[in-house]
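Just below is one structure, and these are the notes that go with it.
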Amino acid sequence: MSAADGLARLLLEARQTGQRIAALAPELIPATPDAAYDVQALVAARLGPVAGWKVGAASATAEPNCAPLLADLMAPSPAHFPARQFPLGGIEGELAFRLGRDLPPRAEVYGEEEVWAAMATLHPAIELVHSRYADFPRVDKRALLADNQANGAFCHGAGLADWRRIDFLRQPASLEIDGKEVKSAVGGNAAGHPKRLLAWLANHCAARRLDLAAGTIITTGTHTGLILAPPGATATVRFPGIGEASVTLVA
């Protein structure tokens, strides 16, 4: 059994049983980002289909990374997910795009403007953060990437068609838990402008022979940081001029 197969098996078992992985044998930690993406692909092949992607970066100049969003863990707002399935209760307010046309694999590099023009609607969104590792803040970054970069579930609000007027570097956002504001920010996405992230994702998928089909939702990183919500809580993110999304962790 390869290292990728071994780690994928552990991650699948953790998803099925709810028992988080206490520790990883060193030989199972992906040696490169590409090896981590191989693990993602093995897990998605078992649990798919894939209906979206998350893409982000630690800074406006850092190399991006990505992970698939599984269709059965995506829902329109207001969404409800069982708290017992996602005990971490991590909440991140994000902005997501829906593709208006296919971006198929090809040899020619996708340019930023071409990919930007392919986006149809903009959506307020919440990523529900969860990890299959017991001590995920300290886990190796490539192992975290292999686990879909700590994606638990995802919800999105209504789409905005007239979004090209948005100043993404100055867009305000606020996050509420049970009606109480717990975080606000202006231009709070550490990855900077989403345009380069979307182009990077298109080229990443093309290199791995993965289709980005019309209708795919792509979320582009947190504007509010990570907030932990207790079981039973309802989290709402608001982006003035764009909309809102909410998710309830059903106790």
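The values are calculated or read from the model by the stated rules, or taken from the named source; none is laboratory data. Since this is a predicted model, take the numbers as computed values, not measurements. Here Cβ is always computed from backbone atoms with ideal geometry, including for glycine, and neighbour counts include all displayed protein chains.
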What number goes with the only condition from (1) in contact with a Gly (Cβ under 9 Å, 6 or more places away or on another chain); (2) under 23 Å from Leu197 (Cα atoms); (3) of a type in the set (A, V, I, L, M) that Leu28 does not pass? (2)
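Is it the case that Ala45 is small (Gly, Ala, Ser) and either under 14 Å from Asn148 (Cα atoms) or in a loop (DSSP other than H, G, I, E, B) (or both)?
Numbers: small (Gly, Ala, Ser): yes; either under 14 Å from Asn148 (Cα atoms) or in a loop (DSSP other than H, G, I, E, B) (or both): yes.
Here the answer is yes, as Ala45 does meet what is asked.
Are any of the residues in region 204-211 in contact with a Gly (Cβ under 8 Å, 6 or more places away or on another chain), closer than 30 Å to Asp38 by Cβ and in a loop (DSSP other than H, G, I, E, B)?
no
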If we ask which residues in region 137-185 are surrounded by fewer than 17 Cβ atoms within 10 Å (Cβ to Cβ) and either in a loop (DSSP other than H, G, I, E, B) or on the phi > 0 side of the Ramachandran plot (or both), their number turns out to be 13
Within region 16-30, which residues are more than 22 Å from the chain's Cα centre (by Cα), farther than 23 Å from Phe86 by Cβ and in contact (Cβ under 8 Å) with a residue 24 or more places away in the chain? Glu27, Leu28
What number of residues within region 186-226 satisfy the criterion of being crowded, with 20+ Cβ neighbours inside 10 Å and in contact with a Lys or Arg (Cβ under 6 Å, 6 or more places away or on another chain)? 3
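Here is a check on your reading of the model: is Pro64 under 29 Å from Ala190 (Cα atoms) and either at pLDDT below 95 or of a type in the set (Gly, Ala, Ser) (or both)?
Values: under 29 Å from Ala190 (Cα atoms): yes; either at pLDDT below 95 or of a type in the set (Gly, Ala, Ser) (or both): no.
Judged against the criteria, Pro64 is not a match.
Quick one: which residue in Gly188, Gly215 is at pLDDT below 95 and either within 15 Å of Ala96 (Cα to Cα) or part of a helix (DSSP H, G or I) (or both)? Walk me through it before giving the result.
Details: Gly215 fails: at pLDDT below 95.
None of the other options fit; the residue is Gly188.
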